[in-house]
Amino acid sequence: MNLKKYFIRALHRLQKGPGYTYKELLVWYCDNTNTHGPKRIIKEGPKKKLIWFFLTLLFASLVFWQWGILINTYLSYNVTSSLSIGFKTMKFPAVTVCNANPFKYSEVKHLLTELDRLIEAALERILQPTPGNGSENTSPPLNLELWHQIPLVLIDEHDKDNPIILDIFESNQTVAGNQTAMGNETAGGNQTCSHQGSDNCTYRNFTSAAQAVTEWYILQSTSILSKVPLQERIRMGYQAEDMILACLYGAEPCNYKNFTQIYHPDHGNCYIFNWGMEEEALNSSNPGAEFGLKLILDISQQDYIPYLSSAAGARLMLHQQKSFPFLKDQGIYAMAGTETSIGVLVDELERMGYPYSDCTMNGSDVPVKNLYSQYNTSYSIQACLRSCFQNHMIEICGCGHYMFPLPEGVNYCNNEDNPGWAYCYSSLRSSIRHRQICIDSCKETCNDTQYKMTISMADWPSEASEDWIFHILSYERDMSTNVTLDRNGIIKLNIYFQEYNYRTISESAATTIVWLLSSLGGQFGFWMGGSVLCLIEFGEIIIDSLWITIINVIGWCKGLKQKRAQARYPDAPPTVSELVEAHTNLGFQHEDAGALPRDEALPPEPGTPPPNYDSLRVQPLDVLGPDSDAE
């Protein structure tokens with residue numbers, strides 16, 4: 001019962017409202033608020049009242065302006081970077097070593113015979129362009145099918161407005177129009193067309209014929225090798241037992257069986273030490289060369305492909321465990337005939353995630369399908385960019401590039417099945433729009449480890465010791481007393497932690513919610529002398545204003561409804577005295593017409609109430625109940 005009375009009183013209070021007008025409410029707020037300024041507006045004289053009103057309005061505007069700046073600064077999610085130096089036992093990095101030459105020439109020569117004959121004839125034409133100056137040619141005629149698919153041309157730029165394109169194996173000349181070349185007089189270039197015989201061609205220009213020949217040979221060999229099965233390509237590469245001659249990690253001996261083999265399109269067979277895929281990663285007990293990894297490699301330079309690899313040596317890279325090595329971007333060369341010492345320093349990067357930076361923890365929120373996941377490696381932005389390019393290549397060109405992994409059901413591009421693939425590939429690689437799409441789609445990893453290397457080299461072995469060293473290494477590998485190694489193919493590597501200090505570069509939020517609240521309160525207190533309670537007071541007046549507005553709207557709606565009812569029934573309703581008089585008159589009529597049956601009585605006049613007299617009572621209007629006036 002008490003609960004019912006409470007709700008009835010609350011409903012009565014809601015109907016009554018605050019009991020103020022807008023003006024009264026504003027005066028009450030200015031007189032009772034703890035904020036400086038509003039009190040002086042209602043208590044001072046007319047002149048001071050105007051001054052204080054202007055000052056209050058000015059400082060209130062400054063407060064809101066400063067609040068806007070602070071909130072915008074907070075929502076920009078800026079970060080600060082801090083550098084800390086620590087000391088701990090660290091995991092030794094994964095070490096990937098490859099040969100700069102992807103295949104043994106003796107194994108792939110049968111596949112590249114026609115291509116080699118073409119490039120040799122082209123070089124002869126370039127070096128001796130005048131007819132009759134070349135040597136007597138008694139070899140079989142050239143198969144120009146490969147040449148016509150992707151020709152190698154010379155661009156004469158004596159007239160820079162109209163350079164002339166010279167096909168090496170043809171006597172006709174083509175005016176390139178507004179084609180711009182990169183040389184001063186004559187430059188080499190690769191021509192790629194949408195299809196053979198088409199005028200829709202692109203030219204990639206080089207200032208040196210050596211660069212043009214190498215790039216042209218790589219493009220043609222890519223088409224040839226893409227049709228070779230993966231296991232056959234692995235067989236044609238350098239095997240671990242032939243390449244890794246000696247291995248020592250700290251004081252523990254190791255051999256080629258401690259390396260994991262992967263196939264890399266750029267470098268053929270590569271071997272990874274301490275990758276951490278099947279076994280736990282190795283820890284380094286101490287810094288210094290004595291506690292690192294020592295390797296002796298044989299790159300067999302005499303079996304290099306002459307036109308494919310112009311650099312000789314080993315390509316190596318230090319990276320995290322379970323990450324794919326992108327040697328073309330992050331690898332370094334070790335020169336043959338040298339001992340290369342690599343001192344390693346570790347930098348750990350810790351980035352804050354969304355919304356502070358657009359990074360990813362594991363690539364699950366990246367919209368690009370990671371094609372390198374088939375190696376069971378972790379996400380990296382290099383893997384994302386290459387996967388994105390390969391996906392675009394498959395979508396636009398209808399085939400995949402040989403240098404990147406393939407999704408299921410797709411084949412690599414080659415000249416026979418995809419005659420215009422080189423043109424499509426060149427157009428896609430030079431497209432800024434597609435490149436920007438991949439950059440916008442891929443994200444950096446939030447946590448990363450970088451290895452800073454200090455490299456030093458010396459000749460190895462020395463002239464005094466090379467005889468016995470080559471004898472021993474040749475015997476251990478080939479079980480022969482004959483020397484099968486030489487200085488042009490031997491490399492020694494020393495990889496070690498330079499020191500155990502590691503640097504951690506971490507990000508932290510430059511602005512926090514605590515900073516925001518304190519800054520907002522500081523500005524409010526400085527300009528207006530207010531606090532959180534003043535904001536509550538301001539909220540109270542807003543609620544009361546809304547309350548008054550709602551009640552006024554409800555009253556206006558009721559008044560509008562009554563006006564519409566009055567317009568529909570213009571006669572006023574009968575009063576109580578009129579009802580009593582009508583009742584009396586109706587009784588007399590019944591007495592005069594006594595013989596008349598009740599249901600044949602005369603009908604009432606229009607405007608009189610129905611003859612249900614027993615229910616006529618005068619009762620007070622009580623909508624809210626008997627306790628509505630009780631407070």
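Only the coordinates and a few stated rules stand behind these numbers; no lab work does. In this text the structure is predicted, and so the values were computed from the model without any measurement. Methodologically, a virtual Cβ is constructed for each residue, glycine included, from the backbone with ideal geometry; neighbour enumeration extends over all protein chains shown.
A few comments on the model shown:
- In this calculation the C-beta distance from residue 277 to residue 302 is compared with R0 = 30 Å, giving a FRET efficiency of 0.35.
- Taking amide H positions as modeled 1.01 Å from N, with prolines and chain starts lacking one, the residues under 5 Å from residue 292 and 5 or more places away or on another chain are 250.
- Highest average packing first - 238-245, 502-509, 214-221, Cβ atoms within 10 Å: 214-221, 238-245, 502-509
- For segment 34-44, Karplus couplings with θ = phi - 60° (6.51, -1.76, 1.60), whole Hz, Gly/Pro x: 8, 6, 6, x, x, 5, 5, 5, 8, 9, 8
- Amide H to amide H, with H built 1.01 Å from N, residue 402 comes under 5 Å of 413, counting only residues 5 or more places away or on other chains.
- Contour excess over end-to-end distance, with Cα ends at residue 465 and residue 332 and 0.36 nm allotted per residue: 45.2 nm
- Among 355-367, 269-281, 520-532, sorting by the average number of other beta carbon atoms lying within 10 angstrom of each residue, highest first, gives 269-281, 520-532, 355-367.
- Volume per residue of the convex hull around the Cα atoms, evaluated for segment 431-495, comes out as 218 Å³.
- Label-zone membership for segment 526-566, site residue 40, 7 angstrom Cα→C-beta point, backbone N under 18 Å: 526-531
- Highest-first packing order for the peptide set 114-125, 69-80 is 114-125, 69-80, based on the mean count of other beta carbon atoms within 10 Å.
- Net charge in the neighbourhood of residue 331 (other residues with Cβ under 12 Å of its Cβ; Lys, Arg +1, Asp, Glu -1) is 0.
- Spin-label model, residue 345/residue 536: points 7 Å from Cα along the beta carbon direction are separated by 5.6 nm.
- Ratio of Rg to Rh over segment 241-286 (Cα coordinates, Kirkwood Rh, two decimals): 1.00
- Between the beta carbons of residue 506 and residue 576, assuming R0 = 60 Å, the FRET efficiency works out to 0.10 to the nearest 0.05.
- Base-10 log of normalised Debye intensity for segment 242-348 (one unit scatterer per alpha-carbon) at q = 0.15, 0.19 Å⁻¹: -0.72, -1.20
- Cα gyration tensor shape of segment 370-444, rounded if a/c is under 1.5, else prolate or oblate by comparing a/b with b/c: oblate
- Between residue 128 and residue 560, the simple label model (points 7 Å from Cα in the Cβ direction) yields a spacing of 10.3 nm.
- Residue separation of residue 352 and residue 435 scaled by 0.36 nm, minus their Cα-Cα distance, works out to 27.3 nm of gained length.
- Positive-pole candidate from 353, 447, 460, dipole of segment 341-481, charges at beta carbon: 353
- Convex hull per residue volume in Å³, alpha carbons only, for segment 421-562: 440 Å³
- Residues with amide H under 5 Å from that of residue 447, placed H, sequence gap 5 or more: 351
- If the segment from residue 444 to residue 235 were pulled out straight at 0.36 nm per residue, it would be longer than the present Cα-Cα gap by 71.7 nm.
- Eligible lysines near residue 43 by straight Cα distance, threshold 26 Å, same-chain separation 8 or greater: 23
- Segment 345-354 - phi-based ³J(HN,Hα) in whole Hz, Karplus 6.51/-1.76/1.60, Gly and Pro as x: 10, 10, 10, 9, 10, 10, 9, 7, x, 4
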